[in-house]
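Contents: one structure, followed by commentary.
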Amino acid sequence: MEEFPQLREVVDRGFDNQANVDIALEYLGKSRGIQKARELAKKHANLAAAAIDSLPESNDEEVRRSRRALVDLTQRVITRNK
């Protein structure tokens, strides 16, 4: 909507009508919205991974495995295809 303010009206009308969906997709294809969303998701995933890494160390293998899984999850969320 930063690039195409007129998209606000389409969104406000809702997406029950296929024409509104088509218009929104057209604007989306012309914009940098998807790229910006990916960049923002990557930023937040990195912040989440850093927060997990800042937790106190543990000798408990289950805790260590859980932490690794959480860090892996932050990357899967931003690299998944669908």
**Request:** Sequence neighbours fewer than 8 away in the same chain don't count; with that in mind, list the aspartates and glutamates whose C-alpha is under 15 Å from Lys36.
**Result:** Glu2, Glu3
**Message:** Largest first, please: the extent of the C-alpha atoms of the chain along each principal axis, to the nearest Å.
**Reply:** 57, 22, 20
**Message:** Given the options Val11, Leu28, Asn81, identify the residue whose Cα lies farthest towards the positive end of the charge dipole of the chain (+1 on Cβ of Lys, Arg; -1 on Cβ of Asp, Glu).
**Reply:** Asn81
**Item:** Computed lengthening from Asp53 to Asn81, 0.36 nm per intervening residue step minus Cα-Cα distance
**Value:** 7.5 nm
**Cα long-axis angle, helix 18-30 against the chain (0 to 90 degrees, to the nearest 10)** = 70
**Asked** Any idea what the dipole of the stretch 34-82 comes to, in debye rounded to 20, about its Cα centre with Lys/Arg Cβ at +1 and Asp/Glu Cβ at -1?
**Response** 500
**Prompt:** Can you give the charge dipole size of the chain about its Cα centre, rounded to the nearest 20 debye, using +1 on the beta carbon of Lys and Arg and -1 on the beta carbon of Asp and Glu?
**Reply:** 260
**Request:** Could you work out, for the stretch 34-82, what percent of all Cα-Cα pairs fall into each 5 Å distance bin, beginning at 0 Å and stopping at the bin that holds the largest distance?
**Result:** 5, 21, 26, 20, 13, 9, 5, 2, 0
**Prompt:** Hey, what did the chain get for relative contact order, percent, Cα under 8 Å, at least 6 apart?
**Reply:** 24
**Asked** Which net charge results when you count Lys and Arg as +1 and Asp and Glu as -1 among the other residues whose beta-carbon is under 14 Å from that of Glu2?
**Response** +2
**Cα-based helix-to-principal-axis angle, 61-79 vs the chain, degrees rounded to 10** = 20
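Computed from the coordinates by the stated procedures, all read-outs in this text should not be read as laboratory data. All values derive from a computational prediction rather than experimental measurement. Backbone-built Cβ (ideal geometry, glycine too); neighbour counts: all protein chains shown.
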